[in-house]
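The structure appears right after this line, and notes come after that.
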Amino acid sequence: MPEAVTVVLPCLNEEESLPAVLAAIPAGYRALVVDNNSTDDTAGVARRHGAEVVVEPRAGYGSAVHAGVVAARTPIVAVIDADGSMDAGELPRLVAALEQGADLVIGRRRPVAGLHWPWVARVGTVVMSWRLRTRHGLPVHDIAPMRVARREALLNLGVADRRSGYPLELLVRAAAAGWRVVEFDVSYGPRTGGKSKVSGSLRGSITAILDFWKVIS
């Protein structure tokens with residue numbers, strides 16, 4: 001019988017995109033929205049659409065993700081952006097790979113036709129992924145914006161970054177721990193509402209890249 005799954009959605013002002021994102025979560029999965037200092041009605045929208053809400057006052061993507069993983073009560077946790085750029089309906093095949101023996105399953109973003117993906121973000125992803133392959137031996141081509149793992153193992157991995165570097169540190173620590181990491185292609189489209197906190201501005205992209213470099217250098 002399939003194991004229970006919690007989908008952690010770190011959120012900062014995602015009231016516009018959340019309804020469609022939550023509607024796409026597979027039947028039987030639990031949605032857990034982590035409100036990371038939103039100034040809009042993110043928490044209210046999440047509750048009205050049936051999601052559990054956790055408030056995390058410490059700013060940062062890593063803070064929000066960690067709070068969600070801690071709050072989850074299922075053996076398996078998935079993490080996905082709440083901006084509508086990825087389809088939660090693709091999670092079951094990642095979960096299936098985990099149940100078949102992988103330790104961490106991640107999605108490799110494949111842009112849909114016509115997507116504007118800022119060059120700074122795209123180049124940063126290519127460079128960091130190359131570094132992960134050559135220095136850490138991981139067979140990956142993205143930095144895990146969609147990922148699935150076992151909750152206890154993830155917490156025991158001890159990821160400490162509480163900013164943009166969280167997913168990259170997760171991969172580095174997974175490699176050091178000898179985890180079997182599996183990557184699947186997932187579709188990557190435009191966000192369905194709001195503004196990106198990373199690729200929505202040159203400053204945001206550069207800040208994220210610097211966070212990544214601190215982790216991997």
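Quick one: would you say residue 105 is modelled with pLDDT of 90 or more and either closer than 22 Å to residue 178 by Cβ or surrounded by fewer than 20 Cβ atoms within 10 Å (Cβ to Cβ) (or both)? Break it down stepwise before answering.
Values: modelled with pLDDT of 90 or more: yes; either closer than 22 Å to residue 178 by Cβ or surrounded by fewer than 20 Cβ atoms within 10 Å (Cβ to Cβ) (or both): yes.
It is true that residue 105 is modelled with pLDDT of 90 or more and either closer than 22 Å to residue 178 by Cβ or surrounded by fewer than 20 Cβ atoms within 10 Å (Cβ to Cβ) (or both).
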Practice problem: Can you work out which of the residues in the stretch 193-217 that are surrounded by fewer than 16 Cβ atoms within 10 Å (Cβ to Cβ) and outside any helix (DSSP H, G or I) is modelled with the lowest pLDDT? | Solution: 200
Quiz item: Within the stretch 100-130, which residues are in contact (Cβ under 8 Å) with a residue 24 or more places away in the chain and not aliphatic (A, V, I, L, M)?
Solution: 101, 103, 107, 108, 109, 110, 111, 116, 117, 118, 124
Practice problem: Please work out which one of (1) among the aliphatic types (A, V, I, L, M); (2) part of a loop (DSSP other than H, G, I, E, B); (3) surrounded by fewer than 19 Cβ atoms within 10 Å (Cβ to Cβ) is the condition residue 53 fails and give its number. | Solution: (2)
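Out of 159, 148, 172, which single residue is assigned to a loop (DSSP other than H, G, I, E, B) and buried (at least 19 other Cβ atoms within 10 Å of the Cβ)?
Unique residue meeting the criteria: 159.
Here is a yes/no grid of residues against (1) assigned to a strand (DSSP E or B); (2) closer than 19 Å to residue 92 by Cα:
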site: 3; (1), (2): no, yes
site: 8; (1), (2): yes, yes
site: 15; (1), (2): no, no
site: 20; (1), (2): no, yes
site: 27; (1), (2): no, yes
site: 31; (1), (2): yes, yes
site: 34; (1), (2): yes, no
site: 39; (1), (2): no, no
Quiz item: What number of residues in the stretch 116-145 are out of contact with any Phe, Trp or Tyr (no Cβ under 8 Å at 6 or more places or on another chain) and not in a loop (DSSP other than H, G, I, E, B)?
Solution: 16
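When you check residue 93 against the structure, is it surrounded by fewer than 21 Cβ atoms within 10 Å (Cβ to Cβ), in contact (Cβ under 8 Å) with a residue 24 or more places away in the chain and either among the acidic types (Asp, Glu) or assigned to a helix (DSSP H, G or I) (or both), yes or no?
Numbers: surrounded by fewer than 21 Cβ atoms within 10 Å (Cβ to Cβ): yes; in contact (Cβ under 8 Å) with a residue 24 or more places away in the chain: yes; either among the acidic types (Asp, Glu) or assigned to a helix (DSSP H, G or I) (or both): yes.
Yes: the conditions hold for residue 93.
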Exercise. Considering only residues that are among the polar types (S, T, N, Q) and surrounded by 19 or more Cβ atoms within 10 Å (Cβ to Cβ), look in the stretch 56-90 and name the one that is farthest from residue 6 (Cα to Cα).
Key: 85
Quiz item: Does the stretch 21-28 include one or more residues that are out of contact with any strand residue (DSSP E or B) (no Cβ under 7 Å at 6 or more places or on another chain) and under 15 Å from residue 67 (Cβ atoms)?
Solution: no
Quiz item: Yes or no: residue 46 in a helix (DSSP H, G or I), surrounded by 23 or more Cβ atoms within 10 Å (Cβ to Cβ) and either among the aromatic types (Phe, Trp, Tyr) or over 15 Å from the mean Cα position of the chain (by Cα) (or both)?
Solution: yes
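The values are calculated or read from the model by the stated rules, or taken from the named source; none is laboratory data. Just so you know, these numbers come straight off a predicted model, no measurement behind them. Virtual Cβ from ideal backbone geometry, glycine too; neighbours counted across all protein chains shown.
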